[in-house]
Every structure is written in structure tokens, then in C-alpha cells.
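Heads up: the structure comes next, in C-alpha cells.
No value in this document is a laboratory result; all are computed from the given coordinates. Note that the structure is predicted; figures quoted are calculated from it, not measured. Cβ placement follows ideal geometry from the backbone for every residue including glycine, while neighbour counts extend to all protein chains displayed.
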Amino acid sequence: MKNIFKITLLLCGLMINAQTDQKIYDIIDAVSAERIKEDIKTLADFGTRHTLSDTLSNTRGIGAARRWIKSEFDDISNRCNNCLEVFYQSDLVEKGTNQRIVHDVMVVNVVAIQRGTKYPNRFIIMSGDIDSRVSNPTNFTSDSPGANDNASGMAGTIEAARVLSKYKFESSVIYVGLSGEEQGLFGGKGLAAYAKEKGWDIVGILNNDMIGNIKGVDGVIDNRTFRIFSEPVPPTETERERNARRFYGGEVDGISRQLARYIHKTTKTYMPEMNPMMVYRLDRFGRGGHHRPFNDAGFAGIRIMEAHENYTQQHQDIRTEDGINYGDTFEHVNFDYAKKLTTVNAINLASIASAPPTPKSVSIGGIVQPSVKFKWDTVDGAVGYKIYWRDTTSPTWDHSRYVGDVTEFTLDGIVVDNFFFGVAAVGMDGYESIVVFPNKTFR
Ligand SMILES: [Zn+2]
């Protein structure tokens with residue numbers, strides 16, 4: 001009897017303490033640089049994928065490109081017993097909406113949904129962009145291969161679908177090619193509105209935009225570092241929430257930032273050779289990307305991107321000037337690096353889609369006490385919960401304690417004033433939800 005008890009305890013311990021899962025290593029091994037290279041070549045060879053370009057030709061323009069992307073998703077789906085729901089999601093954008101829309105255009109996204117087994121209406125999204133541009137954003141006829149910006153992100157998204165479609169996940173995964181990015185983030189806006197209308201419970205979007213350049217314009221060469229951009233707090237927060245932050249913290253703990261920390265942690269756990277670099281801002285200085293419309297709609301979203309950009313190879317007419325080869329062409333892309341960043345996406349999609357949802361509400365207390373107490377909502381599918389904390393100046397959740405299947409806990413000997421805290425739900429195989437920053441207080 002005693003032995004059985006001991007063995008049970010040991011097994012539980014193993015399960016709960018499992019820091020890694022073989023499935024994730026298998027996913028890492030399955031991502032192919034060669035397939036990503038072929039797909040970038042195919043996309044670049046459509047000549048231009050400008051949002052306003054030709055849609056009738058089967059060899060040139062954005063119409064041909066999106067039909068090819070759809071056919072790839074359809075092929076992948078055929079090979080997994082129709083595990084993907086593939087469709088176009090489109091919106092008309094009228095001439096003059098901004099200066100870059102010089103004629104009426106249907107902005108068409110290509111969506112592939114891998115439906116979750118347990119939480120079918122809960123979604124984690126990976127996106128790349130279909131469209132490209134040259135120096136003049138309204139020039140929709142010149143050659144615009146957009147090999148890095150953003151055939152790399154698009155090819156990575158297709159490759160992630162190939163690899164992950166071999167698995168089943170509890171939550172749904174969406175792979176999407178968005179259009180209209182260069183004209184004003186129209187595709188993301190359209191899909192975010194569609195998601196709201198359908199009542200999708202979106203965990204977040206991993207927006208991949210330029211994941212294939214390792215040689216910076218400043219000469220730095222680095223094939224290990226990449227950036228994760230995340231805004232500090234949602235733009236949709238209320239005045240009341242803003243005011244509460246002054247007293248309880250949370251200035252750097254919005255939902256997108258927690259998603260960024262999750263990606264940082266998963267990468268460090270499974271791909272320790274990589275250097276994920278969290279950048280504490282929405283996007284690059286004064287510049288934009290397709291996660292923003294999702295943030296605008298109140299969803300978590302981050303941008304995954306190379307660390308070192310080369311400005312002579314983005315948004316440029318193809319030309320040689322003063323010995324410099326301008327243009328976003330195929331030969332400049334590093335496919336092995338694009339593979340690494342695709343892998344970062346794949347393991348995070350798999351981890352999030354394998355984990356239970358986050359607790360909806362987390363309360364914290366401990367004012368003038370030598371301990372911190374927590375209460376949270378039960379999460380369907382969680383086997384336990386983990387409390388995380390960190391120094392107020394630390395970017396990452398450095399300390400944690402697994403507390404089992406309870407919905408309240410007191411951390412003794414820790415003073416609430418000196419740390420930031422969060423709670424995550426833990427699932428069957430040790431997969432954890434994204435950390436939730438407390439949204440209520442109690443005494
Ligand atoms: Zn761009």
C-alpha cells in the first residue's frame with residue numbers, strides 16, 4: 001500500500017515537473033529550410049504581389065499568388081484527412097481610403113484553420129503577408145519579388161501548417177496569409193473584424209514579417225538573434241484600468257507582453273541556441289505591421305522578426321546604384337535562418353494549442369503583510385496552476401511555484417510590494433497557459 005502510494009506520488013511528480021515534451025523536439029526536427037526556400041522562390045517568381053496588382057494572370061500578380069497559397073493549404077489538408085478549413089476572407093477597400101489605394105481593390109486573405117479537439121473556438125494564429133511593394137507604394141506593376149518582405153513570413157506560415165497538421169491540438173491553430181499590409185494593414189484589419197463578428201476567442205497572433213535576413217545594413221551578421229515586438233498594454237484599456245495601474249502595477253504586463261514572454265521562454269527551453277530579443281514596443285520606431293490591427297481590436301499580438309534589417313533590400317526598386325544591389329530579391333534571403341524563426345513559431349503554436357486556457361480572473365492580496373495571497377477561477381482542463389513572480393525590473397518571469405489543483409494560495413515570506421506576480425494554468429502533459437497578470441485585488 002505504502003509503495004503504491006509512493007509510486008503514484010513519483011509518477012505525479014514526473015508528470016508535473018516535466019519541463020519538456022518530446023513532441024516539441026519532433027516538431028523542431030520536422031521544419032525544412034529546403035521547403036521554405038522553394039516556397040520563397042515560388043512567391044518571388046510571381047513578379048509582383050502588390051495588393052493592387054493583376055488578379056487574372058496565373059503567373060503574375062497577387063491573384064496568382066493567393067491562389068497558389070490556397071492550393072498549398074488545400075494540399076496540406078488533403079494529406080491530413082481534411083484537417084484544415086481553407087477559405088478566402090476578403091473585404092472591399094475603396095479608392096482613396098488612403099493615398100496608397102489608387103483604385104478599388106478586394107483585399108483577400110487566405111485562411112487555414114486546424115480545428116482544436118477540446119477548445120474549437122479558441123485560436124492561436126500565425127500570420128505572414130502575401131503582398132509586396134517597391135520604392136513607390138502605389139507602383140503595382142514593377143517587379144517586386146518581396147522575397148524577405150514578406151515571402152519569408154508567408155513561406156514560414158505554410159511550412160508551419162505542413163509540420164503541425166500532422167498533430168492534433170486541444171485549441172485551434174490558424175495559419176493565414178494577409179494582404180494589403182503595405183497599403184495600410186488592411187488584411188489584418190479585415191480578419192480582426194471578421195474574428196470579432198464570429199466571436200473567436202483569440203489567444204494571440206504571431207505576426208511574422210521579415211524572418212530571413214541575417215546581414216544588417218550596418219554589417220552585423222547574426223543568425224541566432226531575432227526580435228519579438230510587443231506593446232506594453234492594450235490600446236483598448238479603460239480609464240479605470242489605466243488608473244488602477246498607478247497603484248497595482250501592470251505598465252509592462254499587458255496581454256501582448258505576456259505572449260512575448262511566453263515565446264521567449266518556450267524558445268529558451270527548446271532552442272537554447274537562439275537569442276530571442278524582446279523589444280518593449282509595438283513595432284519598430286514609427287513603423288507598423290499586421291499584429292497592430294489585432295491589438296487595436298483588443299487581441300494579444302506580437303511581431304516576430306529578424307534582428308538586423310537591411311534597408312537597401314526592402315521596399316526598393318531593383319537596381320544597382322553606387323555598387324549597391326537594391327531590391328528584396330531571392331538571393332539575399334537566408335533560408336536556414338527563416339527555418340529557425342519558423343520553428344520558433346511552430347513550437348509556440350503547438351505549446352499554446354496543447355495548453356489549457358488562462359484563468360479568466362486572478363485576484364491578488366497582501367497589503368501590509370509578509371505574504372502574498374492569490375485567488376483565481378478554475379480552468380476547465382487544467383491539472384494545476386503555477387504562480388510566477390519576478391523583480392519589478394526584470395523582463396522575464398524568473399521565479400515560479402507549482403501549487404497543484406487549487407484555486408487559492410498564499411506565498412509566505414514574500415512581500416507583495418517588491419515583485420510582480422502572475423498565474424498560469426497547467427495542463428495534462430505539463431503544457432502551460434500564458435501567464436495572467438492579476439486583474440483584481442482582495443484583502
Ligand atoms: Zn514591408
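The table for this structure:
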quantity	calculated
Scaled radius of gyration (Cα, divided by 2.2 N^0.38 Å) that the range 54-104 gives	1.51
Dipole magnitude of the chain about its Cα centre (Cβ charges: Lys, Arg +1; Asp, Glu -1), debye to nearest 20	1340
Globularity index of the range 289-343, i.e. its alpha-carbon radius of gyration over 2.2 N^0.38 Å	1.50
Candidate aspartates and glutamates - alpha carbon under 18 Å from K373, same-chain residues fewer than 8 apart omitted	D391, D405, E408, D412, D417
Spatially proximal aspartates and glutamates relative to K23 (Cα-Cα < 18 Å; intrachain offsets below 8 disregarded)	E159, E170, D429, E432
Cα extents of the range 285-407 along the three principal axes, largest first (Å)	67, 33, 28
Gaussian network model of the chain, springs between alpha carbon atoms under 10 Å - residue of R390, R67, R246 with greatest fluctuation	R246
Rounded D (µm²/s) - the chain, Kirkwood Rh over Cα pairs, Stokes-Einstein at 20 °C, 1.002 mPa s	95
Per-selection Rg to Rh, the range 348-443 - Cα, Kirkwood hydrodynamic radius	0.96
Share of pairwise Cα separations in the range 190-233, more than 12 Å, in percent	74
Dipole magnitude of the range 186-280, debye to nearest 20 (Cβ charges: Lys/Arg +1, Asp/Glu -1, about Cα centre)	120
Overall Cα dimensions of the range 347-395 - principal axes, largest extent first, Å	41, 27, 15
Of K196/K375; K189/K360; K265/K386; K198/K360; K41/K339, pairs whose Cα-Cα distance is over 18 Å	K196/K375; K189/K360; K198/K360
Considering only the chain, percent of DSSP beta bridges that pair antiparallel, nearest 5	65
Rel. contact order, % - alpha carbon contacts under 8 angstrom, at least six apart, the range 222-364	29
Burial ordering of H332, H290, fewest other beta-carbon atoms within 10 Å first	H332, H290
Karplus 3J(HN,Hα) series, Hz, for the range 40-51 with 6.51 cos²θ - 1.76 cosθ + 1.60 (x for Gly, Pro)	5, 4, 4, 5, 5, 6, 6, x, 9, 10, 4, 4
Over 16 Å [Cα-Cα, the range 238-289], rounded percent	57
